[in-house]
Amino acid sequence: MLICLDISVQGNLVYLDFGLLCRVTKKHQKAMLAAVVHLANCEWSLLTQALAALEILPPYADKMSVTAA
């Protein structure tokens with residue numbers, strides 16, 4: 001975990017916690033972008049596909065049920 005303390009221009013103490021950072025593959029980057037776009041456009045079937053590509057949904061998940069939910 002990386003923690004950074006600094007002082008802002010206004011003189012406030014700034015605490016930055018980089019503990020939850022990770023590397024994201026290009027495949028997952030594209031799937032994340034697709035998920036946000038499909039969510040914004042209410043494209044539920046395509047959102048379900050993006051969630052599967054992100055490996056949030058397991059391969060055995062009933063995608064029709066997820067889409068309907």
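Scanning region 13-29 for residues that are over 14 Å from residue 56 (Cα atoms) and open to solvent by 90 Å² or more (accessible area, probe 1.4 Å) returns 13, 15, 20, 21, 22, 23, 26.
Somewhere in region 30-40, is a residue of a type outside the set (Asp, Glu), over 30 Å from residue 64 (Cβ atoms) and either modelled with pLDDT of 95 or more or touching a Cys at 6+ places or on another chain (Cβ under 8 Å) (or both)? No. Taken over region 44-66, the residue count meeting the criterion of being farther than 9 Å from residue 31 by Cβ and either open to solvent by less than 80 Å² (accessible area, probe 1.4 Å) or of a type in the set (Gly, Ala, Ser) (or both) is 10. Out of 56, 7, one residue alone is in contact with a strand residue (DSSP E or B) (Cβ under 9 Å, 6 or more places away or on another chain) and on the phi < 0 side of the Ramachandran plot. It is 7.
The values are calculated or read from the model by the stated rules, or taken from the named source; none is laboratory data. Given the structure is predicted, the values throughout are model-derived calculations rather than measurements. Glycine gets a Cβ as well: all are built from the backbone with ideal geometry, and neighbour counts include every protein chain shown. Each accessible area value is taken on the protein alone, full model and side chains, heavy atoms only, with ligands, DNA and RNA left out. Shrake-Rupley method; radii C 1.70, N 1.55, O 1.52, S 1.80 Å.
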